[in-house]
Amino acid sequence: MTSPRLEPWEVFRQEKDGAPMQHGGSVMAPDRELATHYARELFGRRQESVRLWVVKRADIVDLADQDLLQPPLDRSFKKPGGYVMRDKLAAARVVSGQSKPKARSK
Amino acid sequence: MSVAAVPGVAVGELLRSMADDEFVIGFSDSEWTGIAPQLEEDVAISSLAQDEIGHAAALYALLGELTGEDPDAIAYDREPVAYRHCRLLDHRRGDWAMTIARRFIYDTADGVRLEALAGGSWAPLADLVGKLVREERYHRMHASVWLDRLACGGDEARSRLLAALTTLGPDAATVFSPLPDEAALIEAGILASPMPELETRWRTAIGPTFATLDLPMPPPARDLAHGRLDHGEAFAWLWHEFNTVRASEPGVTW
Amino acid sequence: MTDPQALEPILGPLERRRPAFNDDLPHDERFALFEAHVTAGGKVEATDWMPDEYRTAVLRFVEMHANSELMGVLPEREWLMRAPTLRRKLALTAKVQDEVGHAQLLYRVAEDLGKPREAMFEDLLAGKTKFHNVFHYPTVGWADVGMIAWLVDAAAIVAQQALRDSSYAPYARTMRKICWEESVHIMHGRDVVVTMVMGSEAQRAAIQDALERWWGPLMQMHGPRSPREKDRDLHWKIKARTSEELRQEFLTIYVPRIRELGLVIPDPVLELDDATGVWRYSEPDWDELRRVVTNHGPMSQVRLEFRRQARDATKWVRDTILAAPQAA
């Protein structure tokens, strides 16, 4: 009888309510049920997580293609850093005679 | 129910039996720490053993409140003959199949016992039972998962499981050994049903699983009346081990 | 209207460009790019290309660490059954469990570098790979349990904290988790020691005796002094600090804490040179260290044999249900 072999299952954990799921590590398990047990043990036995996601490493799509993720042409119009208005605003204040609005307190 | 109204002796016997059960199984299972079949499973069985000791500690603490004794003194400082754990737990750790078989039997039986104590009239015990029930779910999950895998895991796994069930079978139902003055517990609304009824309920609960996996049901317990007395050589060894340091200098703080 | 400043953490530059050495280049070029990346503080992931030298070095380092966690369980395990109070039993079980957990985390890191765990266990038992010196010595009583949990773990944590920024990112991340978990062990150990020191004559004497037996191995634990330039593990930033730096840090933190309990450290030479901030100490017995880590220590063979038997006893479970994969 061929037995299922251990394979890696990745475990993602949530530190507290509302927090994002973060990668914690992996466990070796032959199936979903034992993977769940072991995930709880390695990443939750100290009550350090409020939620766990357990997924077979083989089921994860690993995208690292830099042509897709870091395409070479300028995309600064998609980021705040692509909109530098300091000089334009300074010129506008000169025309309007208004001073720069106070920074909002945090 | 006020402490004055609690049938002290009967409750004491109940608590002692439950605490000793958890203490002994916790000790036995902690023997797997470091040598379990696989690294991940090692961490898992260690958690189960710790949980059992934690439950024992809570039960000894409650007993200590009733009798005025120190919980560690209750746990450690009795002669072997004064322990009240069930004979199911008087076997050596054995192989992995033995441990799983024993855990399955004990966890399912303990589950029925806890159910009969849930919502009882003595609040401190009812509260503790409420917490234990939530922790025990995890234990039953683990035991079921493993019972299934051993029963269906091929010739060697299955034959070892069957051998374990054969060895443990005559002692399985001793979890439901009669308690001294059980009637007082029932009358006081602490225990919902007598032990024989709980044993029946347990058999009904595990019947379908055993049938599906084609495993022999445990027979009626051998010498049920003494099911929590007459501890043998395996416990004598365990008792000696857990007293090694403590007995080396009685009365000091560790 | 969303405040643009609030978006910055999300839309800021990605921390990590995929390193150039992953591109299909001639080996020498890749090696040079990799070396430049690592020496500049760049990190390496399991899926990155690595020169064989780096892969071998990390694997050897992590494997020895994993072996040590696994073998480190054995000296304390004996005392699980003998813990003298319920609370000590819980604490010790949790500690030993953590060690097994650390072994799991570390063997996983090593597995993802390409070596199956069964092969690692075989090599450990055959004496081809090593484990740290301190785990080759006997424990004779409860005082040893306290001493190991306190000072051996302390010496280990000094080393482990320095690994949290290792160039090999999976190892670095594991070390951060391990360090967080280890802090509790040292507290448990120190609590046992202080309790016994404040206890009976016999308890206090047992602690002093344990300190005398463990001091030598502790001083050897971080290894002999070696020149920075010759250390390849430092070059590849697998580790960041030398043996001597670790030993000095251990002494700086723990000598005062040992002395504050009135315990006598069995080294008359041990003293801090106030001018240089450097501890002077009797030269550790490096011959002893060499003998011990090559499995000629007092308990080396006994413990390896114990592991072998435990493994054999549970082989049937692995064969049928928990079978590890063969070589990748």
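The values are calculated or read from the model by the stated rules, or taken from the named source; none is laboratory data. Bear in mind the structure is a predicted one, so any value in this text is a computation, not a measurement. Virtual Cβ from ideal backbone geometry, glycine too; neighbours counted across all protein chains shown.
Within segment C:24-43, being of a type outside the set (D, E, K, R), farther than 19 Å from A:Asp65 by Cβ and out of contact with any helix residue (DSSP H, G or I) (no Cβ under 6 Å at 6 or more places or on another chain) holds for C:Pro26, C:His27, C:Phe31, C:Ala32, C:Ala36, C:His37, C:Val38, C:Thr39, C:Ala40, C:Gly41, C:Gly42. Residues in segment A:3-19 that are within 11 Å of chain C (Cβ to nearest Cβ) and not in a strand (DSSP E or B) were compared, and the one that is nearest to A:Val50 (Cα to Cα) is A:Leu6.
Here is a yes/no grid of residues against (1) crowded, with 23+ Cβ neighbours inside 10 Å; (2) within 13 Å of another protein chain (Cβ to nearest Cβ); (3) more than 30 Å from B:Asp72 (Cβ to Cβ):
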| site | (1), (2), (3) |
| --- | --- |
| C:Thr47 | no, yes, yes |
| C:Met64 | no, no, yes |
| C:Met71 | yes, yes, yes |
| C:Arg82 | no, yes, no |
| C:Ala91 | no, yes, no |
| C:Tyr137 | no, no, no |
| C:Gly141 | no, yes, no |
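Scanning segment A:21-34 for residues that are closer than 9 Å to A:Val11 by Cα and aliphatic (A, V, I, L, M) yields one hit, A:Val27. A count restricted to segment B:44-96 and to residues that are assigned to a helix (DSSP H, G or I), more than 13 Å from chain C (Cβ to nearest Cβ) and under 23 Å from B:Ala172 (Cα atoms) stands at 6.
Yes/no per residue for (1) part of a helix (DSSP H, G or I); (2) away from chain B (no Cβ under 14 Å); (3) out of contact with any Ser or Thr (no Cβ under 8 Å at 6 or more places or on another chain):
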site: C:Leu25; (1), (2), (3): no, yes, yes
site: C:His37; (1), (2), (3): yes, yes, yes
site: C:Gly42; (1), (2), (3): no, yes, no
site: C:Met50; (1), (2), (3): no, yes, yes
site: C:Val58; (1), (2), (3): yes, yes, yes
site: C:Gln97; (1), (2), (3): yes, no, no
site: C:Gly101; (1), (2), (3): yes, no, yes
site: C:Tyr107; (1), (2), (3): yes, no, yes
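The condition (being under 24 Å from C:Gly101 (Cβ atoms), of a type in the set (A, V, I, L, M) and part of a helix (DSSP H, G or I)) is satisfied by just one residue among C:Met219, C:Met175, C:Met196: C:Met175.
The set of residues in segment B:1-43 that are among the β-branched types (Val, Ile, Thr), assigned to a loop (DSSP other than H, G, I, E, B) and facing chain C (nearest Cβ under 9 Å) comprises B:Thr33, B:Ile35.
Can you work out which of the residues in segment C:178-217 that are β-branched (Val, Ile, Thr), in contact (Cβ under 8 Å) with a residue 60 or more places away in the chain and away from chain B (no Cβ under 13 Å) is farthest from B:Thr253 (Cα to Cα)?
Checked segment C:178-217; the qualifying residue farthest from B:Thr253 (Cα to Cα) is C:Ile178.
When segment B:199-251 is filtered for residues that are surrounded by fewer than 15 Cβ atoms within 10 Å (Cβ to Cβ) and within 14 Å of another protein chain (Cβ to nearest Cβ), the ones remaining, listed by number, are B:Ala236, B:Trp237, B:His240, B:Ala247, B:Pro250, B:Gly251. Checked against (1) surrounded by 10 or more Cβ atoms within 10 Å (Cβ to Cβ); (2) more than 14 Å from chain B (Cβ to nearest Cβ), A:Val54 meets all criteria but (2). In segment B:185-203, the residues that are farther than 18 Å from B:Tyr106 by Cβ form Cβ pairs under 9 Å with partners that are basic (Lys, Arg) and buried (at least 16 other Cβ atoms within 10 Å of the Cβ), at six or more places apart or across chains, as follows: B:Leu191/B:Arg113; B:Ser193/B:Arg201.
Name the one entry in B:Arg222, B:Arg160 that is in a helix (DSSP H, G or I), more than 29 Å from B:Asp72 (Cα to Cα) and among the basic types (Lys, Arg).
Result: B:Arg160 is the single residue among B:Arg222, B:Arg160 that is in a helix (DSSP H, G or I), more than 29 Å from B:Asp72 (Cα to Cα) and among the basic types (Lys, Arg).
Taking the listed residues B:Asp72, B:Asp110, B:Asp127, the one that is buried (at least 22 other Cβ atoms within 10 Å of the Cβ), charged (D, E, K, R) and at pLDDT 95 or above is B:Asp110, with no other qualifying.
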